[in-house]
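Working notes, structure below.
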Amino acid sequence: MSFRVEFSDSDKEAVELQEGDCLSEKLTIQNSPILFGCRIGICGTCAVEVLEEKGDPLHPRTHDETEFLGTMAPDRNKVRLACQIHINTNIKIKKTEI
Ligand code: FES
């Protein structure tokens, strides 16, 4: 099963991923506006705001994501770390600062 990742604030085309694909392994500087640093959920470079989940909800934050974002972006429950997302639904995301 495949899912689409759309970027709201970019002229990049939507990217089609297979279920379970990790965004940090499939999104590159060529195909997305999302940048990655540590890729393990501790730097915040890949912070995105999830604007839409089309179909099922996106899986909940991982343990590391919850800890990091609870400190760095409290009260912003639409913010996720793209490096921690294993795609399970169609999403529209926007790069954000935390
Ligand atoms: S790349 Fe560092 S938190 Fe995602």
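Which residue, Ile34, Ile42, Ile87, has the most motion in a Gaussian network model of the chain that connects Cα atoms within less than 10 Å?
Ile42
In nm, give the distance between the simple-model label positions of Ser8 and His86, each being 7 Å from the Cα along the Cα-to-Cβ direction.
Label at Ser8, label at His86, 2.7 nm between them.
GNM, the chain, Cα, under 10 Å: largest mean-square fluctuation among Ala14, Ala82, Ala47?
Ranking Ala14, Ala82, Ala47 by mean-square fluctuation puts Ala14 first.
Helix 63-72 versus the longest principal axis of the chain: what is the Cα-based angle in degrees, 0 to 90, to the nearest 10?
60 degrees
Going by average Cβ density within 10 Å per residue, which order do the peptides 26-33, 50-57 take, highest to lowest?
Order by mean packing, descending: 26-33, 50-57.
Out of every Cα pair in the chain, what percent are spaced more than 16 Å from each other?
The proportion of pairs with Cα distances above 16 Å equals 49 percent.
Taking only DSSP H segments of four or more residues, each worth -39500 (n - 2.57), what value at 222 nm results for the chain once the sum is divided by all its residues, to the nearest 500 deg cm²/dmol?
One gets -3500 deg cm²/dmol as the mean residue ellipticity at 222 nm.
Treating only the Cβ of Lys, Arg, Asp and Glu as charged (+1, +1, -1, -1), what charge dipole size does region 1-66 show about its Cα centre? Round to the nearest 20 debye.
Rounded to the nearest 20 debye, it is 200 debye.
Distance from a point 7 Å along Cα→Cβ of Ile98 to each backbone N in region 73-92: keep the residues under 12 Å and list them by number.
Those under the cut-off are 73-85.
The numbers here are math on the coordinates, done by the rules we state, and not lab data. Note that the structure is a prediction, hence the values are computed from the model and not measured. Note: ideal-geometry Cβ built from the backbone for every residue, glycine included; neighbour counts use all protein chains shown.
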